[in-house]
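One structure is given here, and the rest of the page talks about it.
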Amino acid sequence: MNHILKFFAALALSASLLQADFKTDLANINTSMVELNSSISNAELNSTTLCASLISLNQQAKEIVNAIVLLNDSFSSPITLDNETLLLTENLFVSVASLSNQSSLLSDEITLIQPDTNAFILADAISAMLQLSSDIGEMADRIGEMADNILIMSDNIGLMADRILEMQVIQSENLILTQNTILQTQTNTLALVSVIETASYDLSLNTLITQGNILVAQMASVSLNPWNMASELDNVQTDVHNYLVQVEQFKDLLNTDMVQNTIYINSDALNKLVDLSIIMNSIGIVMDGYGTAIEASQSFTRTSTLLDAMDSMLSLSSDIGKLANNILEMADQILLMADNIGVSADQILLTQELQNTNIAATQASVLTAQQLAIGIIAANN
């Protein structure tokens, strides 16, 4: 008996140490973000130091993104949520919103020194500024995914439900602020550009649109009831995850091509990016319908079935959030590769505004689904 007690005591100590390391990692990432914010604020921009300063900021931002990805990939055991963990996570959302605001101010400074800057230096500076705003956007996406992972891996959602919902409100407000500010930064930067060239990804985008519409139709055909709720949501989660894999594969292709290629953005490609965001909006609408069906039938559903269904709902919500993030990031990547930004600037900005509107609606639906799942889990624990 003593051996068994010692074994479980060792397990508890190990879990406690892992949680402490996790909190330390969260605090260190936030410290790095605050330092980057300070670096952006104190950057000395003039016609000769412009590119070096921006490249240095890009390196800092990329290191933070890599640190978040590394931490995100390290999730392997259940997490016991407490106020400190949730507060540290909230701080990351606040810090990334602050970073987006600081980068917008930086783009204003670049606009002021444009008349005195060599055209080649300015072109490199524009690319670096767009990369910085893209990295901050990716930072926000990865933090959002980490917050979803924390929920999925949590072993005490029921006890912390109210506090989790508070965090999600802060998360939602700061992500919307971040997206809007990044859009403004890109607007400021695009006003400085003018160039022209060739190439496109129409076939791949068409495939994603076709598969996305099929996914929406499949999701919309699902009718949830007390008997099929768990199995149907599990099937939907598998379908959404498979589509996420396709989107990520195309994004990886863009990442590879960005090393040595540029593209000519035509109106068809921009319209397709909007179509993808509309698909995400449609998925969000279907998720709202699932939520309504679950609320109507939860009192008639076995507790075990209901909890299995809510686990699938949390995983499903996480994958939909990743889908939305990937689509926004693909648009940023295409923008970074584009050689005809100046020619298409107005339509690019319109595309981004429509994307932001559709993705924001999707994120709101994901938040509602997560809140419903957390509430049900809490009520049945």
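Descending by average beta-carbon neighbour count within 10 Å, the peptides 127-140, 48-61, 94-107 line up as 127-140, 94-107, 48-61, the highest first. Backbone geometry of the range 57-62 corresponds, through the Karplus equation with coefficients 6.51, -1.76 and 1.60 at θ = phi - 60°, to 3J(HN,Hα) couplings of 5, 4, 5, 4, 5, 5 Hz, x marking Gly and Pro. For the range 127-175 versus the range 59-108, the inter-centroid distance based on Cα atoms is 8 Å.
Summing +1 for each Lys or Arg and -1 for each Asp or Glu among the other residues whose beta-carbon sits under 14 angstrom from that of GLU173 gives -2.
With the simple model of a label 7 Å out from the Cα in the direction of the Cβ, ASP25 to ASP234 spans 2.9 nm.
Residues in the range 205-330 average 42 Å² of solvent-accessible surface per residue, probe 1.4 Å, ligands and nucleic acids excluded. For the range 78-146, the equivalent ellipsoid derived from the alpha-carbon gyration tensor has semi-axes of 35, 12, 5 Å in decreasing order. Annotation: ARG163 carries an accessible surface of approximately 40 Å², with a 1.4 Å probe and no ligand, DNA or RNA atoms counted. Proximity of backbone amide H atoms, modeled 1.01 Å from N, is registered between SER154 and ILE79 at under 5 Å, excluding neighbours fewer than 5 places apart on the same chain.
Note on THR292 and VAL169: with the Förster distance fixed at 30 Å, the Cβ-Cβ geometry gives a FRET efficiency of about 0.90. GLU109 to VAL69: FRET efficiency via 1/(1 + (r/R0)^6), r the Cβ-Cβ distance, R0 41 Å, to the nearest 0.05? E(calc), rounded to 0.05, equals 0.85. Counting only protein heavy atoms and a 1.4 Å probe, the range 152-191 has 43 square angstrom of accessible area per residue.
The values are calculated or read from the model by the stated rules, or taken from the named source; none is laboratory data. Just so it is clear, the structure is predicted and the values come from calculations on it, not from any experiment. Positions of Cβ are backbone-derived with ideal geometry, glycine not excepted, and every protein chain shown enters the neighbour counts. What goes into the accessible areas is simple: the full protein's heavy atoms, side chains included, and nothing from ligands, DNA or RNA. Shrake-Rupley method; radii C 1.70, N 1.55, O 1.52, S 1.80 Å.
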